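Rule-based calculations on the coordinates, nothing more; no lab input. Everything numeric in this text was worked out from a predicted model, so none of it was measured. With ideal geometry, Cβ positions are generated from the backbone for all residues, glycine too; neighbour counts draw on all protein chains shown.
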Amino acid sequence: MQVGLKLGSPDSSYKNAIYDLWEKKVFQYIEILAVPNSYKNTIDFWKQFKIPFIIHAPHLGHGMNPSIREKEIENKEKIKETIEFANALNAEYMIFHPGALGNINETVRQYSPFVDSRFLIENKPFIALDYSHCLGSKPEEIKFLMEKLGIGFCFDFGHAVCTANSLKKEPMELIEEFLALKPQMYHLTDGIFTNEKDEHLRYGKGSFPLADFLKLIPQGAKVTNEARHDFKDSLDDFLEDVGKLFGEPLR
């Protein structure tokens, strides 16, 4: 299994910690959230690392919503900047969200001009943090986007658990439906197994059956740790989480 470190594009304070953990082989790639309007001021920082990268496009919190036609101009700028990051860092994948409160066919229309072999769509919770309804929360919606756009899939375990609780379905059954779509990579955190909202808890702080989740991930697959960072200038929280997930007994 390849473990990914998730950071935002402005996170330059972690420079020493990144070098240290990379040399210790604690992670195998970095997944960067491309915060809007940050490319010019941050790309030189990231280019110094000879490390594999994956780029995550901006999300709803950054105003990115490809399912809404009125946001198309704004969305285009964010997509283009995501691609700039991916090109400059020779990223293997770019991860995008389907949008919320809009039309899934509009999502297809807005993404279509930009699709290439690096493009992955990520499943979302049924209910977003602001209580809006997310597209791409169900396996059939992700399958639709994959087929219409000819793209791959990034599977988020926590988002699937949240959706299952919203839809009153058994979480592990819904997870199996998503896994049938053969994801290219995975996102993992801890969380409350009965909640409808994703909390990105650190491992051991929630009730997810993490050991069961790990058994479902193919050998050698990429798994980004999306647990929250508690420390501003240190990655000790990430180091602790990786140890808990892989070096100590799990629930």
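Beta carbons within 10 angstrom, averaged per residue: use that to sort the peptides 75-87, 165-177, highest first.
Taking the mean over residues of other Cβ atoms within 10 Å, the ranking is 75-87, 165-177.
If amide hydrogens are placed 1.01 Å from N in the peptide plane, which non-local residues have theirs closer than 5 Å to the one on I127?
Close amide H contacts, sequence-distant or interchain: C134.
So for the chain, averaging the separation of alpha carbon pairs under 8 Å that are six or more residues apart and normalising by length, what relative contact order in percent results? Before the final figure, lay out each step's value.
Working: 500 pairs, mean separation 42.5, N = 251.
Over the chain, the number comes to 17 percent.
Run the helix sum for the chain: -39,500 (n - 2.57) per DSSP H stretch of 4+ residues, divided by residue count, reported at 222 nm to the nearest 500 deg cm²/dmol. Show your work: numbers first, answer last.
On the way: 9 runs with 87 residues, N = 251.
For the chain, the value works out to -10000 deg cm²/dmol.
Rounded, prolate or oblate for the chain? Axes are the square roots of the Cα gyration tensor eigenvalues, ordered a ≥ b ≥ c, and the cut-off for rounded is a/c under 1.5. Present the calculation step by step, with values, prior to reporting the outcome.
Working: a/c = 1.64, a/b = 1.06, b/c = 1.54.
Oblate.
Which length gain, in nm to one decimal place, applies between E170 and K215 when the Cα-Cα distance is subtracted from 0.36 nm times their residue separation?
Numbers: separation 45, 0.36 × 45 = 16.20 nm, distance 1.78 nm.
Additional length available on full extension: 14.4 nm.
Over 28 Å between Cα atoms: which of K24/K76; K197/K232; K71/K169; K47/K215 fall into that group? Write down the numbers at each step before the final one.
Working: K24/K76 38 Å; K197/K232 25 Å; K71/K169 33 Å; K47/K215 34 Å.
Correct reply: K24/K76; K71/K169; K47/K215.
Rounded if a/c is under 1.5, else prolate if a/b beats b/c, else oblate: with a ≥ b ≥ c from the C-alpha gyration tensor eigenvalues square-rooted, which is segment 99-231?
On the way: a/c = 1.68, a/b = 1.37, b/c = 1.23.
Cα axes put segment 99-231 in the prolate bin.
Under 5 Å between amide hydrogens, which residues at least 5 positions from S67 or on another chain qualify, with H placed 1.01 Å from N in the peptide plane?
A100
In whole Hz, what ³J(HN,Hα) sequence does segment 149-162 give by Karplus (6.51, -1.76, 1.60; θ = phi - 60°), x for Gly and Pro?
9, x, 10, x, 9, 9, 9, 9, 4, x, 4, 5, 4, 4
Multiply the residue gap between H62 and K50 by 0.36 nm, knock off their C-alpha separation, and tell me the result in nm, one decimal place.
Stretched fully, the H62-K50 segment lengthens by 1.5 nm.
Distance in nm between label sites at E74 and D230, each 7 Å beyond Cα in the beta-carbon direction?
My value for the distance between the label points is 3.5 nm.
Rounded to the nearest 20 Debye, what is the dipole magnitude of the chain about its Cα centre when Lys and Arg each give +1 and Asp and Glu each give -1 at the C-beta?
The dipole of the chain has a size of about 340 debye.
Over segment 73-189, calculate the relative contact order: mean separation of alpha carbon pairs under 8 Å at least 6 apart, over the residue count, as a percent. If you can, show how the numbers build up before the last one.
On the way: 183 pairs, mean separation 26.2, N = 117.
In percent, rounded to a whole number, it is 22.
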